[in-house]
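Q: What follows is a single structure, and I will ask about it in a moment.
The values are calculated or read from the model by the stated rules, or taken from the named source; none is laboratory data. What you see is a predicted model; the values in this text were computed from it and never measured. For neighbour counting, all protein chains shown are included, and Cβ atoms are generated from backbone atoms with ideal geometry for every residue, glycine included. Heads up: the accessible areas ignore ligands, DNA and RNA and are worked out on the full protein's heavy atoms, side chains in. Shrake-Rupley method; radii C 1.70, N 1.55, O 1.52, S 1.80 Å.
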Amino acid sequence: MSSRSHLLNDGTVERYRRCVTDGVGRVADRIARTDRPFTGVTPSQLRPAVEGIDLEEPLDDPAAALDELENVYLRDAVYFHHPRYLAHLNCPVVIPAVLGEAVISAVNSSMDTWDQSAGGTLIEQHLIKWTAERAGLGTAADGIFTSGGTQSNLQALLLAREEACRPAQKNSPTPLRKPEILPRLRVLTSECSHFSVEKAATLLGLGAEAVVAVPCDQDRKMRTSALAAELERCEREDLVVMAVVATAGTTDFGSIDPLPAIAGLCERFGTWLHVDAAYGCGLLVSRRRGLLEGIERADSLTVDYHKSFFQPVSSSAVLVRDQSALRHVTYHADYLNPARMAENDIPNQVDKSIQTTRRFDALKLWLTLRIMGAAGIGELFDEVVDRAADAWRMLREDPRFEVVTRPQLSTLVFRWLPPSPADRSLTDELNLYARHALSASGEAVVASTVVDGRHYLKFTLLNPQTSLDDIAAVLDLIAEHAGRHLAERRGGSEDRLPAPEPVHPRAS
Ligand SMILES: Cc1ncc(COP(=O)(O)O)c(C=O)c1O
């Protein structure tokens, strides 16, 4: 078959239709047959199959490539739609968004300039305006779709840095150069915030001690008294707080920092407030919208539609209350977006983005809103938050487990407790073992995290299909695995046991 026949154009549409329909059919069959979230395959089991494929020898046949893909990917993938996938912030996806994904890659718009996207640009702008309205950011707000929360946080902090540098320079008796200001910049964020804040600080050239971790209360929310003390300390020490980052939905606990009080402090100290609502943004369309009170006072905001809006990866946005802040990422290139285009009101989204070529991810959210509506998304998110509240009650009453906080969103951090006293490191080991054994068996996938130096397990509930019975069954499995391991440890050698083998045959 000629290479040209693989190009999608008016002469190959039938081939495109057949090929994609076949691929969709394979995925649909696989999803229909999947009876567990994971097969438990290990890297060493799968690697030979992948590395054994000679990339210099094309199959020239989509059906053969899909057969091969079954073995190297589809069979052993981790399936987020499965009700016993309870690990990370991955959601099952809504079908309208998957439809959008198919359109995006076939049309292949690039969102950098109007002359590469046309209507796509306007659709993206309309969605940004819609999100800003939901957040209450006001009529001067704007923003841009990004690849994820990490990029949204990076861009927000880049804008905050640029905004902070100018007044910092102005107040200086002698003009300062950026290298002299950067070491004085600080970002204050809670000890439970996402690590992308620290990564962003490094990428932005700040010093190692630039990110100051503000302590949290027992509900894992930023202590505002500690934030106030830090702001005062920075002022005393002539440090420039370029941003306070509040989290609306921490990754581990789903806790929402006290946004109104934090906004009040930021206004008092003239500090940029960034709200990382990568996880909590689903509240914008939920009956729990009140939990986000204060978000409207943010200078910038991260929203990850690919977490609590049930969108496929990637789908995220960074928003700013004052669109003029986006000028810090505006660079004009003669070949692409010359300044005269902006003067003539030609909307080139690259003027607001740190990316150039960029996917039309906004289309997925567009089709979601047009087909099922915002309330439909909110209903799904509310259901998982309700389920987490029920699961918390169940865990609290179960003497086999200890649960850390009552969730505001949909995570539960807990651990199995040995029935008779065990030293702390053994309890850590038993919980990590149970997590590993569970994943290796493929019966369920759960996450782990560290709280106050100890290992805990974590459920992140984002699938409304996960029932309380599923959660109870997974807790029983955890208790079984941990209990068995404890008996082996106490009965036999004190050596670490090897990792368990998958207990179920590989799904075919
Ligand atoms: C609170 C928070 N912010 C930012 C991120 C990073 O988002 P992404 O993985 O989309 O880059 C996460 C990811 O879990 C998160 O939970």
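Q: For region 14-106, take the alpha-carbon Rg, divide it by the Kirkwood Rh, and send me Rg/Rh.
A: Using only Cα positions, Rg/Rh for region 14-106 is 0.99.
Q: Hey, can you grab everything whose amide H is under 5 Å from the amide H of A243? Only 5+ residues off in sequence or another chain; H modelled, so Pro and N-termini drop out.
A: Close amide H contacts, sequence-distant or interchain: R186, L188.
Q: Further question: Let me see the pair-distance distribution of region 258-395: every alpha carbon pair, 10 Å bin width, integer percents in order.
A: Percent of pairs per bin, in order: 11, 30, 31, 21, 5, 1, 0.
Q: Related question: What percent does the relative contact order of region 244-398 come to when contacts are Cα pairs within less than 8 Å and at least six residues apart?
A: Dividing the mean separation by the residue count of region 244-398 yields 20 percent.
Q: Okay, moving on. Kirkwood hydrodynamic radius, region 99-144, all distinct C-alpha pairs: what's the number in Å?
A: Result for region 99-144, one decimal place: 11.7 Å.
Q: While we're looking at this one, here's another question. Could you check the simple spin-label distance between Q169 and F269, using points 7 Å along Cα→Cβ, in nm with one decimal?
A: Using points 7 Å along Cα→Cβ, the separation is 2.4 nm.
Q: Equivalent-ellipsoid semi-axes (√(5λ), Cα gyration tensor) for region 206-262, whole Å, largest first? The partial results should precede the final answer.
A: Details: eigenvalues 93, 33, 18 Å².
Working from the Cα gyration tensor, I get semi-axes of 22, 13, 9 Å.
Q: How large is the convex hull of the Cα atoms of region 369-475 per residue, expressed in Å³ as a whole number? Intermediate results must be reported in sequence, preceding the final value.
A: Details: hull volume 12.0 nm³, N = 107.
So the per-residue Cα hull volume is 112 Å³.
Q: Can I ask one more? Return the lysines within reach of K352: Cα separation strictly under 16 angstrom, same-chain partners fewer than 8 residues apart disregarded; answer none if there are no such residues.
A: The qualifying lysines are K129.
Q: Next up: Write down the accessible area per residue of the chain in Å², having rolled a 1.4 Å probe over the full set of protein chains.
A: 46
Q: Using 10 Å bins from zero, what percent of all Cα-Cα pairs in the chain falls into each bin?
A: 4, 17, 24, 25, 19, 9, 2, 0
Q: Another question, then. Would you work out the relative contact order for region 1-110, in percent, from Cα pairs under 8 angstrom that are 6 or more residues apart?
A: Across region 1-110, relative contact order equals 31 percent.
Q: Give me the aspartates and glutamates in straight-line cross-link reach of K199: C-alpha distance below 15 Å, same-chain residues under 8 apart excluded.
A: Here the aspartates and glutamates satisfying the reach criterion relative to K199 are E191, E209, D276.
Q: If amide H atoms are built 1.01 Å from N in the plane of the peptide, which residues on other chains or at least 5 residues away come under 5 Å of the amide H of R321?
A: S300
Q: With an 8 Å cut-off on Cα pairs and a minimum separation of 6 or more residues, tell me the relative contact order of the chain in percent.
A: With pairs under 8 Å counted, the relative contact order is 20 percent.
Q: Moving on. Ignoring ligands, DNA and RNA, please state the percent of accessible area on the chain from carbon and sulfur, probe 1.4 Å.
A: Exposed carbon and sulfur together represent 53 percent of the surface.
Q: Give me a comma-separated list of calculated 3J(HN,Hα) values for region 272-282, in order, Karplus coefficients 6.51, -1.76, 1.60 applied at θ = phi - 60°, integers in Hz, x for any Gly or Pro.
A: Per-residue couplings from phi come out as 5, 10, 9, 10, 8, 10, 3, 8, x, 4, x Hz.
Q: Now a separate question. Between region 367-406 and region 247-299, what's the alpha-carbon centroid distance in Å?
A: With region 367-406 and region 247-299 each reduced to a Cα centre, they are spaced 19 Å.
Q: Right, something else. Step through the residues of region 298-313 one at a time and calculate ³J(HN,Hα) from phi using the Karplus curve (6.51 cos²θ - 1.76 cosθ + 1.60, θ = phi - 60°), rounding each to whole Hz and writing x for Gly and Pro.
A: Listing the rounded values in order: 5, 7, 8, 8, 9, 10, 10, 5, 7, 10, 9, 10, 6, 9, x, 5 Hz.
Q: With r as the distance between the Cβ atoms of E293 and E232 and R0 = 41 Å, compute the FRET efficiency 1/(1 + (r/R0)^6) and round to 0.05.
A: Numbers: r = 25 Å, r/R0 = 0.62.
With R0 = 41 Å, the Cβ-Cβ based efficiency is 0.95.
Q: Show me, for region 324-340, the HN-Hα J-couplings you get by feeding each phi into the Karplus relation (A = 6.51, B = -1.76, C = 1.60, θ = phi - 60°), rounded to Hz, glycine and proline as x.
A: For region 324-340, the Karplus-derived couplings read 5, 4, 5, 4, 5, 10, 8, 10, 9, 10, 4, 6, 10, 9, x, 3, 4 Hz, x marking Gly and Pro.
Q: Ok, one more. On a straight-distance basis, which aspartates and glutamates could pair with K458 in a cross-link, Cα separation under 13 angstrom, same-chain partners fewer than 8 positions away excluded?
A: Cα-Cα hits under 13 Å: D252, E402.
Q: In addition: At a Förster distance of 41 Å, what's the computed FRET efficiency of A473 paired with E14, Cβ-Cβ distance as r, to 0.05? Don't jump to the answer; show the numbers that get you there.
A: On the way: r = 47 Å, r/R0 = 1.14.
The formula returns an efficiency of 0.30 here.
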